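The values are calculated or read from the model by the stated rules, or taken from the named source; none is laboratory data. Source: prediction; values computed, not measured. Note that we place each Cβ from the backbone using ideal geometry, even for glycine, and neighbour counts take in every protein chain shown. Calculation scope for accessible area: heavy atoms of the full protein, side chains included, ligands and nucleic acids excluded. Shrake-Rupley method; radii C 1.70, N 1.55, O 1.52, S 1.80 Å.
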Amino acid sequence: MSPRRNRPRGGVEKPAAAPYDMNSERYGLERTESWQGEEWSVRMIGGGAAAKRYRCPGCDQEIPPGVPHLVAWPQYGAGVEDRRHWHKACWNARDRRSAKLQRSRNAPRY
C-alpha cells in the first residue's frame, strides 16, 4: 500500500506573485523620501554589507558592524561626505527626535 498524498492533485492554481513595488524596502535599492522640504535618497544596508562602525545621528548611538541599517543623503548638491547612517527606527522617528541630546555631566561621549 502506498502512503497517502498530502497535496491535492492538479486543479489548484498557485497564487500570482505580487507585482514589484518600487517603494518596497529591499536591501541595496535606492528610494527617495521628502523630509524638511528636501528630497533625500535612502538605501537599506544589509547586515552582511555593514562592515564598519557608524554613529546614528538620530540617537547618537553606535551602529556596530553586521547590523542592518540605512544610509540617507540629500538628493541634490550632496557629496559622499553628506551621507549619514541611521538605525531604521531612528530614521522613521526623525521628526520626533531632537538633534540636541541631553547628557549628564559624567556620561560617556562615545
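If you check every pair at least six apart or on different chains, which have Cβ atoms under 9 Å apart with a residue in region 62-90 that is in contact (Cβ under 8 Å) with a residue 40 or more places away in the chain and within 14 Å of Glu38 (Cβ to Cβ) first and a residue that is open to solvent by 40 Å² or more (accessible area, probe 1.4 Å) and of a type outside the set (Lys, Arg) second?
Pairs that qualify, where the first residue is in contact (Cβ under 8 Å) with a residue 40 or more places away in the chain and within 14 Å of Glu38 (Cβ to Cβ) and the partner is open to solvent by 40 Å² or more (accessible area, probe 1.4 Å) and of a type outside the set (Lys, Arg), are Gln75/Thr32; Gln75/Glu38; Gln75/Glu39.
From the list Tyr27, Tyr20, exactly one residue is surrounded by fewer than 10 Cβ atoms within 10 Å (Cβ to Cβ), more than 24 Å from Gly77 (Cβ to Cβ) and at pLDDT below 70. Which is it?
Going through Tyr27, Tyr20 in turn, just one is surrounded by fewer than 10 Cβ atoms within 10 Å (Cβ to Cβ), more than 24 Å from Gly77 (Cβ to Cβ) and at pLDDT below 70: Tyr20.
If we keep just the residues of region 44-61 that are open to solvent by less than 70 Å² (accessible area, probe 1.4 Å) and in contact (Cβ under 8 Å) with a residue 24 or more places away in the chain, which is nearest to Trp91 (Cα to Cα)?
Gly58
Return yes when Val80 is loosely packed, with under 10 Cβ neighbours inside 10 Å and modelled with pLDDT of 65 or more and no when it is not.
yes
Among (1) modelled with pLDDT of 90 or more; (2) under 9 Å from the mean Cα position of the chain (by Cα), where does Ile63 come up short?
(2)
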